[in-house]
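Heads up: the structure comes next, in structure tokens.
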Amino acid sequence: MYKKGDFHIHSTFSDGKCSPKEIVILSKKREVDIIAITDHNSTSGLDEAIMAGEELGVRVIPGVELSTKYNSSRVHVLGYFKDDSYKNELLVEVLKNVKNHKVSNIKKLLGKKLDFCSTKDKLSVEAGIEILKFFGATVILAHPVLLRRSDFKKIIEMNFDGLEAKYFSNTEEDTEYFLKVASDRDLLYTAGSDFHSCKEFYRVHGIIGDVYLNEFEIYNFLVGGKFPYL
Ligand SMILES: [Zn+2]
Ligand SMILES: [Zn+2]
């Protein structure tokens, strides 16, 4: 049974300072036995992390953090994969275009399979959710605490499977509020440190395991999100 889970971590494959393998080693040291690597618009570090995880006994859930927009606010959308669909070539191509703000290319790539609205070269939150779901991901709203509360209330009405109720910069009241939203709306919830580096002088992100899901919460997330509970 997993005891401690951190589901929001960045590696050198986006703006993190540790390689996927270093992240797994650090997780092990901090007794975090299940993690998700969620690089910005990239799944390229996942194979290395999963391999290191198998070696060291840390379960790695393949994830991604997608950049979307709600009006002019940035909204990050977390996707978690149940199998190796994170390797899907079409997904990799889509992510490249999200990174380069080429939304019209994404429409060309997915147009026949998926109908989504977008204005100019902004990827809307709804489109982000549908794209991740199309590739089989469980979709979680990242760090709701960073959103304007009025925006949050509208955004959480969208087709999310859950939200990141526990986030390293939350106050206790924030966490209580988001846990209540999850339970009222029957949504899944996760915990994330948003780890980027051990060496940040001014700490704008957490350290792996700063916040975490406990054994019972991990079970609920994995089973509720239809992940294989190995
Ligand atoms: Zn983020
Ligand atoms: Zn992040």
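Taken over region 1-13, the criterion of being more than 12 Å from Leu46 (Cβ to Cβ) and either in a strand (DSSP E or B) or in contact with a strand residue (DSSP E or B) (Cβ under 7 Å, 6 or more places away or on another chain) (or both) is satisfied by Tyr2, Gly5, Asp6, Phe7, His8, His10. For Asp83, the criteria (1) farther than 15 Å from His10 by Cα; (2) at pLDDT 95 or above; (3) within 16 Å of ligand 2 (Cβ to nearest atom) hold in every case but one, which is (3).
Let's see how each residue does on (1) of a type outside the set (Ser, Thr, Tyr); (2) more than 16 Å from ligand 2 (Cβ to nearest atom):
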{"position": "Val98", "(1), (2)": "yes, no"}
{"position": "Ile106", "(1), (2)": "yes, yes"}
{"position": "Lys113", "(1), (2)": "yes, yes"}
{"position": "Ser124", "(1), (2)": "no, yes"}
{"position": "Thr138", "(1), (2)": "no, yes"}
{"position": "Leu141", "(1), (2)": "yes, no"}
{"position": "Arg149", "(1), (2)": "yes, yes"}
{"position": "Thr171", "(1), (2)": "no, yes"}
{"position": "Thr175", "(1), (2)": "no, yes"}
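Considered as a group, the residues in region 130-184 that are within 15 Å of ligand 1 (Cβ to nearest atom) and of a type in the set (Val, Ile, Thr) include one that is surrounded by the most Cβ atoms within 10 Å (Cβ to Cβ), and that residue is Ile140.
Among the residues of region 1-11 satisfying the criterion of being crowded, with 17+ Cβ neighbours inside 10 Å and more than 16 Å from ligand 1 (Cβ to nearest atom), which is nearest to His76 (Cα to Cα)?
Start the filter on region 1-11 by keeping residues that are crowded, with 17+ Cβ neighbours inside 10 Å, which leaves 2, 4-11.
Narrowing the set further to residues that are more than 16 Å from ligand 1 (Cβ to nearest atom) leaves 2, 4-5.
Values: Tyr2: 26, Lys4: 23, Gly5: 20 Å.
The extreme case among them is Gly5.
Candidates in region 12-21 are the residues that are touching a residue at least 60 places away in the same chain (Cβ under 8 Å) and more than 17 Å from the chain's Cα centre (by Cα); of these, the one that is surrounded by the fewest Cβ atoms within 10 Å (Cβ to Cβ) is Lys17. Summed over region 64-80, residues that are touching an Asp or Glu at 6+ places or on another chain (Cβ under 8 Å), within 16 Å of ligand 2 (Cβ to nearest atom) and farther than 27 Å from Gly224 by Cα total 1.
Any residue that is of a type outside the set (Asp, Glu), within 14 Å of ligand 2 (Cβ to nearest atom), touching a strand residue (DSSP E or B) at 6+ places or on another chain (Cβ under 9 Å) and over 19 Å from Ala142 (Cα atoms) - is there at least one of those in region 48-63? No, region 48-63 contains no residue that is of a type outside the set (Asp, Glu), within 14 Å of ligand 2 (Cβ to nearest atom), touching a strand residue (DSSP E or B) at 6+ places or on another chain (Cβ under 9 Å) and over 19 Å from Ala142 (Cα atoms).
One line per residue, one yes/no per condition, for (1) within 16 Å of ligand 1 (Cβ to nearest atom); (2) not in a helix (DSSP H, G or I):
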residue: Glu22; (1), (2): no, no
residue: Ser27; (1), (2): no, no
residue: Ala36; (1), (2): yes, yes
residue: Ser44; (1), (2): no, yes
residue: Ala49; (1), (2): no, no
residue: Leu66; (1), (2): yes, yes
residue: Lys82; (1), (2): no, yes
residue: Phe116; (1), (2): no, yes
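Residue by residue, here is whether (1) touching a strand residue (DSSP E or B) at 6+ places or on another chain (Cβ under 9 Å); (2) of a type outside the set (D, E, K, R) holds:
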| site | (1), (2) |
| --- | --- |
| Ser169 | no, yes |
| Glu172 | no, no |
| Thr175 | yes, yes |
| Gly192 | yes, yes |
| Ile207 | yes, yes |
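The values are calculated or read from the model by the stated rules, or taken from the named source; none is laboratory data. All figures in this text were calculated on a predicted structure; none of them were measured in a lab. All Cβ positions, glycine included, derive from the backbone under ideal geometry; neighbour counts span all protein chains shown.
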